[in-house]
1. Kirkwood hydrodynamic radius for region 79-143: how many Å is it when counted over pairs of different Cα atoms?
2. Taking the Cβ of residue 147 as the center, what net charge do the other residues with Cβ under 13 Å away carry, scoring Lys and Arg +1 and Asp and Glu -1?
3. What FRET efficiency, computed as 1/(1 + (r/R0)^6) with R0 = 22 Å and r the Cβ-Cβ distance, is obtained for residue 43 and residue 136, rounded to the nearest 0.05?
4. With +1 on the Cβ of every Lys and Arg and -1 on the Cβ of every Asp and Glu, and nothing else charged, how large is the dipole of the chain about its Cα centre, in debye rounded to the nearest 20?
5. Between residue 117 and residue 148, what is 0.36 nm times their sequence separation minus the Cα-Cα distance? Round to one decimal in nm.
6. Count neighbours as other Cβ atoms within 10 Å of each site's Cβ, and list the chymotrypsin sites (Phe, Trp or Tyr not before Pro) in region 50-158 that are DSSP loop with at most 13 such neighbours.
7. Among the GluC sites (Glu not before Pro) within region 1-99, which fall in a DSSP loop and have no more than 10 other Cβ atoms within 10 Å of their own Cβ?
8. Where in region 1-105 are there trypsin sites (Lys or Arg not before Pro) that are in a DSSP coil and have at most 13 other Cβ atoms within 10 angstrom of their Cβ?
Amino acid sequence: MQSIRPYRTADLPILQELTAAAFDGVSIDQGLEREFGPTSGRDWRWRKMRHIADDAARDPAGILVMQTVDGEIVGFISTWCDHEAGIGHIPNLVVAEGFRRTGCGRQLIEAALDRFRELGMSHARIETLVQNTAGHGLYESLGFREIARQIHFGMKLS
Ligand SMILES: CC(C)(COP(=O)(O)OP(=O)(O)OC[C@H]1O[C@@H](n2cnc3c(N)ncnc32)[C@H](O)[C@@H]1OP(=O)(O)O)[C@@H](O)C(=O)NCCC(=O)NCCS
């Protein structure tokens, strides 16, 4: 049985490791690397892990962590609120592979949506890649509706 608790600073390296493992195949940073190779000697996992540090720096209270009864971290969701616009954003969501398809992702999003409501947000936003079928299924089943598609371009500078 898993539970959701607030983020602690010491969680960051674990959340980053979970993220690097989870986003294989569903990462824009990985797509850039696939086309052009590493940037500045760093791979896509380094860049993706840095996003989680950015999430924690922006709003540590907006990160919710899922753990087992033994305290093992098996997932998390990062959020932040645009209070002026009334929009809650979800930049990152991860469930460890062995814990997927058991409702963890759904619980994490529901907890994030509850938090948005408590903080007075009127809308929620989340993004996913076209190839991320797990993301599509999950968000649509929770009531999110597709509002736009975006294309990411990159080029190598010489
Ligand atoms: C996306 C992710 C968080 C889903 O977590 P999860 O705990 O497996 O999700 P849940 O068990 O709560 O699934 C809820 C619903 O989402 C949908 N879903 C989840 N995984 C799916 C998959 N692989 N294919 C299709 N639909 C899927 C289903 O509708 C599912 O309901 P069901 O199991 O009753 O059919 C997880 O797959 C993950 O961490 N993926 C890698 C990182 C990632 O893509 N994060 C999101 C970036 S936008």
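1. By the Kirkwood definition, the hydrodynamic radius is 12.5 Å.
2. Combined, the nearby Lys, Arg, Asp and Glu give 0.
3. With a Förster radius of 22 Å, E is 0.25.
4. Once rounded to the nearest 20, the dipole reads 180 debye.
5. So the extension gain works out to 8.8 nm.
6. In loop regions of region 50-158 (DSSP not H, G, I, E or B), the sparsely surrounded chymotrypsin sites (Phe, Trp or Tyr not before Pro) are 153.
7. Those that pass, being in a loop and sparsely packed, are 84.
8. Sparse-neighbourhood loop trypsin sites (Lys or Arg not before Pro): 8, 101.
Every number in this text was worked out from the coordinates using simple rules, so none of it is lab data. No experiment lies behind these values; they were computed from the predicted model shown. Positions of Cβ are generated from backbone atoms using ideal geometry, with glycine treated the same way; all protein chains shown enter the neighbour counts.
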